[in-house]
Amino acid sequence: MSTGFQSIQINSSAIFPRLTSLPDAGIQEATVRPVVTSPAERLDADPSASAPLRIRLFNVKYSPNLGDGLLSECLEKALIALGASEDTWSIDLAARQAYGDGLAGRLQIMSALDRMPKWLRRHAIRVPMAIHAHRKWLPHYATRINGANAIAIGGGNLISDIDLNFPTKLTLAIREAERLHLPFVVYASGVTPDWTAKGTSMMKKAFASPFLRGVFVRDQDSKRLWDEKLGEASGFQAVVVRDPGLLAADFIPPSRIFGSERPVAGVGIMSHIAIRYHADNAPEPAYLENWYVDLVRGLIDSGYHAVIFTNGSPEDIAYLAKLQPRLKAIAGDAISFPVQRTPTELCAIISSLDVLVAYRMHAVIAAYSFGVPAVGLAWDRKLRSFMTSVNRDEFLCDVAHTQATAAVELACRAHSTPISGIEHEQVLADAWQGVAQLLEVLEAAS
């Protein structure tokens, strides 16, 4: 089956043997097949060769959702490993500078916005957003971009229009790249439907930039949406690449932090507020709470030790705190509630599991990276797209239409259906190959 992902030969077998040892799995051949070597090898071969690229990555690395940090860290490390300068790092689009930065009041703000109709919400945030744009975001971008000679925008669900958030931030970021005449590429981003007329106009104007050098998105749905919405304005049709979060296992050692004699089932909790903010098919709050409780009870009754965690967003943490007494009451010693503050700590939890049930896409992506079978709780097209791309879509579950007992059965079946080793290696090789193509494009443009 064709995956739609590009295949590129990379001269890096000493660092990543999987890239040169895999059989051809029917992946589409790319037109350009770069050979990416280390900076030292390039300078030894050609003393006049230019220095490695200093790349700035515009993303949401320090988002409260640690999945954003995971993909950002993986992309930074992969670029450096493949030849970019060690002076390659991320600029957070919300001007955050560390994990945990900017959390104060987020839950209250999201709760207030959740109670508003969309038209009122857009008006309510217009003035605060304008203030942040010129007093906080633009100065942060202008300072942090100094020293760069190339830009990558992505990954994450950045090509989206919720309350004009990313249209505003990306317009400012691209303006800074243009000010310094820096080439930029969109990389591994998700593209969403349902844009406002204003957001569409802003995105078209921003991505019509003469400094745009390529567009790479993370799934076929995003490619279709980019090509329809921005292909003509930007002059680029999108290329599909793997999410860089898939490289987690190549940078973070796996853990086994739960000392249970039982197999370990993880449940990644996402609050009803977060689901409703991004999707139209959110379960009712009372139903979702009871569903989680029944899921955990069923997993424990099936012989698992249950590990309950979040990806770090305050609304999810508060929701889990509300659930925790009910969960403890049914589980006794067969349950754990680990806390995570960084992507590495999140991966320590996920890599310790035997099976995962989760809403958040990057919990599922990290699980795949570490070879942990997962049940994806379908709520957004992006999760479905990922599960389909790795041939695990039979393990998708729609909470609103599926009883928790059926989800328990699906988790047991996922646990007994290991991820194919050959396919897993190919998927991770695809992820490396995509980063190599990003670096090739930026080097050619610089």
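The values are calculated or read from the model by the stated rules, or taken from the named source; none is laboratory data. Being a predicted model, the structure only gives us computed values, none of them experimental. Here the Cβ is made from the backbone with ideal geometry for all residues, glycine too, and neighbour counts use every protein chain on show.
One table, with the values for the structure above:
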{"read-out": "Scope the range 240-259; condition in contact with a strand residue (DSSP E or B) (Cβ under 9 Å, 6 or more places away or on another chain), modelled with pLDDT of 95 or more and either surrounded by fewer than 20 Cβ atoms within 10 Å (Cβ to Cβ) or acidic (Asp, Glu) (or both); matching residues", "value": "Asp243"}
{"read-out": "Residues that are touching a strand residue (DSSP E or B) at 6+ places or on another chain (Cβ under 6 Å) and modelled with pLDDT of 95 or more, drawn from the range 378-395", "value": "Met387, Phe395"}
{"read-out": "Single residue of the range 346-395 satisfying the filter (free of Cβ contacts under 8 Å to residues at least 60 places away in the same chain and among the acidic types (Asp, Glu)) that is surrounded by the most Cβ atoms within 10 Å (Cβ to Cβ)", "value": "Asp393"}
{"read-out": "Unique match (being crowded, with 22+ Cβ neighbours inside 10 Å, not in a loop (DSSP other than H, G, I, E, B) and not assigned by TED's automatic domain parsing to the domain that holds Ala367) among Val408, Val435", "value": "Val435"}
{"read-out": "Search result, residues across the range 396-405 that are buried (at least 20 other Cβ atoms within 10 Å of the Cβ) and acidic (Asp, Glu)", "value": "none"}
{"read-out": "Number of the condition not met by Asn149 [criteria: (1) within 19 Å of Asp92 (Cα to Cα); (2) crowded, with 22+ Cβ neighbours inside 10 Å]", "value": "(2)"}
{"read-out": "Only one of Ala265, Ala331 that is in contact (Cβ under 8 Å) with a residue 24 or more places away in the chain, surrounded by fewer than 22 Cβ atoms within 10 Å (Cβ to Cβ) and either of a type in the set (Lys, Arg) or not assigned by TED's automatic domain parsing to the domain that holds Gly67 (or both)", "value": "Ala331"}
{"read-out": "Helices (runs of 4 or more DSSP H) completely within the range 196-244 that count 2 or more residues being acidic (Asp, Glu)", "value": "220-229"}
{"read-out": "For Leu438: the one exception among (1) more than 17 Å from Ile151 (Cβ to Cβ); (2) touching a helix residue (DSSP H, G or I) at 6+ places or on another chain (Cβ under 8 Å); (3) among the aliphatic types (A, V, I, L, M)", "value": "(1)"}
{"read-out": "Hey, Ala436 closer than 21 Å to Ala152 by Cβ and either among the small types (Gly, Ala, Ser) or within 20 Å of the chain's Cα centre (by Cα) (or both) or not", "value": "yes"}
{"read-out": "Leading residue by the ranking (surrounded by the fewest Cβ atoms within 10 Å (Cβ to Cβ)) among those in the range 155-195 that are modelled with pLDDT under 95 and assigned to a strand (DSSP E or B)", "value": "Asn157"}
{"read-out": "In the range 411-432, the residues that are surrounded by fewer than 18 Cβ atoms within 10 Å (Cβ to Cβ) and in contact with a Lys or Arg (Cβ under 9 Å, 6 or more places away or on another chain)", "value": "Thr417, Glu425"}
{"read-out": "Cβ-Cβ under 7 Å pairs, at least 6 apart or on other chains, the range 219-243 side closer than 24 Å to Met361 by Cα, far side at pLDDT below 95 and surrounded by fewer than 16 Cβ atoms within 10 Å (Cβ to Cβ)", "value": "Gln220/Gly4; Leu225/Pro193; Val240/Gly4"}
